Amino acid sequence: MVKKFAFLKGFFTNSFGILTSRVLGLLRDLLTANVLGAGVWSDIFFVAFKLPNLFRRLFGEGAFTQSFLPGFVASKKKGIFAASVFIRFFLFLLFLTTLVMVFAPFFTKFIALGFDKTTIEMSVPYVMINFWYLVFIFLVTLFASLLQYRGHFATTAFSTALLNLAMIGALFLAKGKSQELAVLYLSIGVVTGGVLQALVHIIALQHTGMLRVFLGGFKKLMQKKNKKIAKDETKGFYKNFFHGVVGSSAAQIGSFIDTWFASFLAFGSISYLYYTNRIFQLPLALFAIALSTALFPKISKQIKSGNDTLALNLLSQSFHFLLALLLFSTIGGVMLSKEIIALLFQRGEFTSTDTLNSAPVLVAYMVGLVPFGLAKIFSLWLYAKMKQNIAAKITIQTLVLNLLLCALLVKPLGASGLALASSVGGLYLLVMNIKEFGFNNFLAIIRAKKIAVILVICLIEILILWLFKGFM
């Protein structure tokens, strides 16, 4: 029997941790805007941080866990399973990092195709430094999955705060120095944050007893007889992982595509996308990602036990709760776009012109908040049913659509067109996830009275904000 709103405890733990991290992230962005503004050096740092940050979101916001956790739950030799996955991934990441170090100009050009040769050369050292963060964030993600198995969410939810604290410290040290030196300090701060995140997860593993299970897996792997067991235990995981990463990555890769196209626009466009996407990501992480992280282990266990009805009940409760939060956030973000950006960023090197240029970009992003957020919880059904391949196909279709729309909208609308393309892609993602979930299942979880109440509150919010803007 599932208690009503059983998902809320994990949700509030995750949400409060994410809120703490995002508040610190906001402070970090305020300082970054103050020190770097929206120009060539801010664009260079955001490009250098883009690739490891992309992987942080892919790994850290559910994609890895959604593939790892079902396999780990089903595994009979959990230590061997975890150790085997760790060894393969760690070796691959070291190889990938070595490639980036050797061919840094190529990877930099790949991230920002529109940069000229001089800007590429300026960016290369920072791309090389920032990329090392990826190794540490993989450790964090694997350890976080083991902690989730124990029902421990707090360490992971709060740990991103350490990255933000390290970067804030770097910005304080860089104050009064050149923008070039500030980018160097920030890059070192990124790697330092990754080290700190990994360390606190190791401490949490020790506290929950999972470190003994994990290290025990390495000892057992040393025995020849267990190597075949490891192969059998992880059979199918890597395929599911690839599909899972692709399936969970629409918003993140869409943002990456935005940066790629924006590199052809005037300097500052990448920064406008970055700052506004950070605002968009706050309610997405605070509500949709926090809720889906707490919900996934519960839905997986119910489906594994054959209790699809209970799983649907959990999904129904989560759907209405999340829909309300996302709609309220969207209305606020759209109606107060200029005010939000001016309040948060307009100081130092970030001017009133930058605010006016950023506001329509934020509006275009916020249009996609509801579809991207709801798609998160409907995709859980596919992952719990081990249908990562279907989720991957949907995401690939979404990204192709996003790419085409970016090409169509970048010239007439600039950075706003790129953000709008992402939002339209999010709508397609939601529709296709609901289609795979089943329209009959979807109608079965809808409660008309709850929808009516949510819409009435939305109308009241619109009226209040309209009066507030008129008063201002």
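The values are calculated or read from the model by the stated rules, or taken from the named source; none is laboratory data. None of these values were measured; they are calculated from a predicted model. FYI the Cβ positions are ideal-geometry reconstructions off the backbone, even for glycines, and counts take in every protein chain you see. Please note that ligands, DNA and RNA were not included when accessible areas were found on the heavy atoms of the full protein model with its side chains. Shrake-Rupley method; radii C 1.70, N 1.55, O 1.52, S 1.80 Å.
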Scope segment 76-93; condition part of a helix (DSSP H, G or I) and open to solvent by 40 Å² or more (accessible area, probe 1.4 Å); matching residues:
78, 87, 88, 90, 91, 92
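So if I check each of 214, 256, 261, 242, which one is open to solvent by 50 Å² or more (accessible area, probe 1.4 Å) and either in a helix (DSSP H, G or I) or at pLDDT below 70 (or both)? Steps first, please.
Numbers: 214 fails: open to solvent by 50 Å² or more (accessible area, probe 1.4 Å); 256 fails: open to solvent by 50 Å² or more (accessible area, probe 1.4 Å); 261 fails: open to solvent by 50 Å² or more (accessible area, probe 1.4 Å).
Result: 242 is the single residue among 214, 256, 261, 242 that is open to solvent by 50 Å² or more (accessible area, probe 1.4 Å) and either in a helix (DSSP H, G or I) or at pLDDT below 70 (or both).
For (1) free of Cβ contacts under 8 Å to residues at least 60 places away in the same chain; (2) of a type in the set (S, T, N, Q), each residue gets a yes or a no:
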position	(1), (2)
394	no, no
398	no, yes
407	no, no
412	yes, no
450	no, no
Of all the residues that make up segment 169-199, how many are closer than 18 Å to residue 24 by Cβ, of a type in the set (Val, Ile, Thr), open to solvent by less than 10 Å² (accessible area, probe 1.4 Å) and over 19 Å from the mean Cα position of the chain (by Cα)?
0
Within segment 293-319, of all residues that are open to solvent by 30 Å² or more (accessible area, probe 1.4 Å) and of a type in the set (Gly, Ala, Ser), the one nearest to residue 148 (Cα to Cα) is 305
Residues of segment 407-428 that turn out to be polar (S, T, N, Q) and either under 18 Å from the mean Cα position of the chain (by Cα) or open to solvent by less than 20 Å² (accessible area, probe 1.4 Å) (or both), as a count
2
Selection over segment 187-202 where residues are without any contact (Cβ under 8 Å) to a residue 40 or more places away in the chain and of a type outside the set (Gly, Ala, Ser) yields a count of 3
Pairs please, first residue from segment 111-135 and under 18 Å from residue 267 (Cβ atoms), second anywhere and open to solvent by 50 Å² or more (accessible area, probe 1.4 Å) and outside any helix (DSSP H, G or I), Cβ atoms under 6 Å, 6+ apart in sequence or on different chains.
114/264
Can you pull out every residue in segment 1-27 that is open to solvent by less than 10 Å² (accessible area, probe 1.4 Å) and modelled with pLDDT of 70 or more?
17, 21, 25
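Within segment 350-361, can you find the residues that are surrounded by fewer than 18 Cβ atoms within 10 Å (Cβ to Cβ) and within 25 Å of residue 178 (Cβ to Cβ)?
Taking segment 350-361 and keeping what is surrounded by fewer than 18 Cβ atoms within 10 Å (Cβ to Cβ), we get 351-353, 356.
Of everything in segment 350-361, those that are surrounded by fewer than 18 Cβ atoms within 10 Å (Cβ to Cβ) and within 25 Å of residue 178 (Cβ to Cβ) turn out to be 351, 352, 353.
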Regarding segment 438-454, can at least one residue be identified that is of a type in the set (A, V, I, L, M), over 23 Å from residue 290 (Cα atoms), surrounded by fewer than 23 Cβ atoms within 10 Å (Cβ to Cβ) and modelled with pLDDT of 95 or more?
yes
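Among the candidates 322, 344, 336, single out the residue that is aliphatic (A, V, I, L, M) and surrounded by 20 or more Cβ atoms within 10 Å (Cβ to Cβ).
On the way: 344 fails: surrounded by 20 or more Cβ atoms within 10 Å (Cβ to Cβ); 336 fails: surrounded by 20 or more Cβ atoms within 10 Å (Cβ to Cβ).
On inspection, the qualifying residue turns out to be 322.
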